[in-house]
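Coordinate-derived values only; no laboratory data. Treat the numbers as computed from the prediction; the structure is a model and nothing was measured. Here the Cβ is made from the backbone with ideal geometry for all residues, glycine too, and neighbour counts use every protein chain on show.
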Amino acid sequence: MHIHPLITDSATLANLCTRLAEADFVTVDTEFMRESTYYPVLCLIQIADVNEAAAIDPMAPGLDMTPLLDLLTKNEDVLKVFHAGGQDIEIIYNLTGTTPHPLFDTQVAAMALGQGEQIGYSNLVDSWLGIVVDKGARFTDWSRRPLDARQIEYAIGDVTHLAAIFPMMLERLRKTGRGLWLDQEMERLADPANYANDPDLAWKRVRVSGRKPDVLGRLKALARWRELEAQGKDLPRGRIVKDETLGDIAGHPPKKQADLAKVRGLSATWAQNDIGTRMMGALEGATPLHADELPARDDRKPGLGKDGSLVADLLKLLLKIRSRDIDVASKLLARTDELEMLAAGVREGLPMLEGWRFDQFGSDALDLVEGRLAFAVKGGKLKMTRTEDAV
């Protein structure tokens, strides 16, 4: 594979993208910094196909990134391959307002191949290629220039190894018949809605106890205010106000701005500065959350009771057995909250009761809940047995 020098000019980048546009797939990775900003700062993009690989410096003066971004988001003929690509996809969304498509995530694919729920990149490379990845540059400051040869070599390795692994992984998925399992997961990852930071939805990321409409209404207003402050200042949300402080204020709102001096987690200056005034304005404009906006109850299992909880535990055991038997990560088959909802009597809107998940697990889970499946110990081993076959 040909490795290009660091690309810093528009013409070289455009020529590279013209060639890559003819590839069946490209592997993509990014290096970024986000410790002190709201939006991640893109510092490097790596891309490869089976023939060539390059690192691109998005911080290079005058570099036109349009050909690369178009390749990633507008070319439907080239599959874009990432590993644990959520943050990479978020960066591309921030730059373009859309996401790479079609895409493939090797971490998700590894779940279908029995390699755990969140296999790291270095472990993936070791398991498929027998190569130990040098982690020396992992925690480097990618925003500093110039980048040295070791940094660039480390960064490009992320896509060259992936370009070798992806065809092997794809072949194994074909042999096992599990490729179709992943289509829905990949489309979910590519959904732009996953990466849009809507200030009106920011409150859902803040954990608070209880479901009081007035408290949640204040939380919604405060979280929206914080999101807009963070975006405008390009600072992490926690640098504006920490989650726990936001939750405390929503639950016990100050009557006047001067009371902000008494709030744990806020500086006393908030009692008289502009940001404190804006926070109080957000509180004053808050209205109770509408009933249709209220989150599901914490346990998400209305009327489950003790017996229902036991059924949920049996479903978790069934999931563990089934995922072991077919060598697939249990998280790919069903989530814990789904199991609890099934035990509570919910039958609609559960992914595990649809498509391939129903065939591989949901059907048995439904049979267990409805009394057609039971556990038995045979030969010292725990087995599933149909109740009509049980002695």
Next on the checklist: Suppose R0 equals 25 Å. What FRET efficiency, 1/(1 + (r/R0)^6) with r the Cβ-Cβ distance, do R19 and I131 give to the nearest 0.05?
Outcome noted: 0.45
Item to check | Ranking of H101, H83, H290, H4 by count of other Cβ atoms within 10 Å, fewest first | outcome: H290, H4, H101, H83
Item to check | Listed residue (V377, G62, N194) projecting farthest to the positive dipole end of the chain, Cβ model | outcome: V377
Item to check | Farthest toward positive dipole pole in the chain [+1 Lys/Arg, -1 Asp/Glu at C-beta], among H4, P288, Y38 | outcome: P288
Checklist entry - Taking all pairs of different Cα atoms in the range 190-241, averaging 1/r and flipping that mean, what Kirkwood radius in angstroms comes out? => result 11.8
Next on the checklist: Below 8 Å between Cα atoms, with a sequence gap of 6+, how large is the relative contact order for the range 305-386 in percent?
Outcome noted: 24
Next on the checklist: Cut-off under 29 Å on the C-alpha distance; same-chain residues fewer than 8 positions from K135 excluded. Which lysines are left, in chain and number order?
Outcome noted: K80, K331
Item to check | Relative contact order (%) - the range 199-293, alpha-carbon pairs under 8 angstrom, separation at least six | outcome: 34
Item to check | Relative contact order, percent, the chain [alpha-carbon distance under 8 Å, six or more residues apart] | outcome: 13
Next on the checklist: Tell me which of I152, V125, H101 sits at the most positive position along the dipole axis of the range 2-195, charges placed on C-beta atoms (Lys, Arg +1; Asp, Glu -1).
Outcome noted: V125
Next on the checklist: Quick check: net charge around G238, other residues with Cβ under 13 Å of its Cβ, Lys/Arg +1 and Asp/Glu -1?
Outcome noted: +2
Next on the checklist: If you wrap a convex hull around the alpha carbons of the range 1-71, what volume per residue comes out, as a whole number of Å³?
Outcome noted: 94
Item to check | Fewest-first ranking of H2, H161, H252, using other Cβ atoms within 10 Å as the exposure measure | outcome: H2, H252, H161
Checklist entry - By count of other Cβ within 10 Å, fewest leading, how are K220, K242, K135 ordered? => result K135, K242, K220
Next on the checklist: Output needed for the range 305-386: three equivalent-ellipsoid semi-axes, defined as square roots of 5 times the C-alpha gyration tensor eigenvalues, in descending order, whole Å.
Outcome noted: 19, 16, 11
Checklist entry - Once the Cα gyration tensor of the range 82-172 is found, what semi-axes does its equivalent ellipsoid get, as square roots of 5 times the eigenvalues, in whole Å, sorted largest first? => result 23, 20, 11
Item to check | Long-range lysine pairs (8 or more apart or interchain), the range 194-303, Cα under 16 Å | outcome: 7
Next on the checklist: Need one number: nm distance between label points at T66 and Q87, each 7 Å from Cα along Cα→Cβ, rounded to one decimal.
Outcome noted: 3.1
Next on the checklist: With equal scatterers on the alpha carbons only and no solvent term, can you work out the Debye log10 of I(q)/I(0) for the range 122-163 at 0.21 1/Å?
Outcome noted: -0.68
Next on the checklist: Explain nothing, just the number: dipole magnitude of the chain about its Cα centre with +1 on each Lys and Arg Cβ and -1 on each Asp and Glu Cβ, in debye rounded to the nearest 20.
Outcome noted: 1660
Checklist entry - Given N residues in the range 219-332, what is Rg(Cα) / (2.2 N^0.38 Å)? => result 1.61
Checklist outcome for this item: Restricted to the chain, the DSSP antiparallel beta bridge percent, nearest 5, is 65
Item to check | Long-range Cα-Cα pairs in the range 2-195 (distance over 25 Å), rounded percent | outcome: 32
Next on the checklist: On the principal axes of its Cα set, how long, how wide and how thick is the chain? Give whole Å, largest value first.
Outcome noted: 74, 66, 35
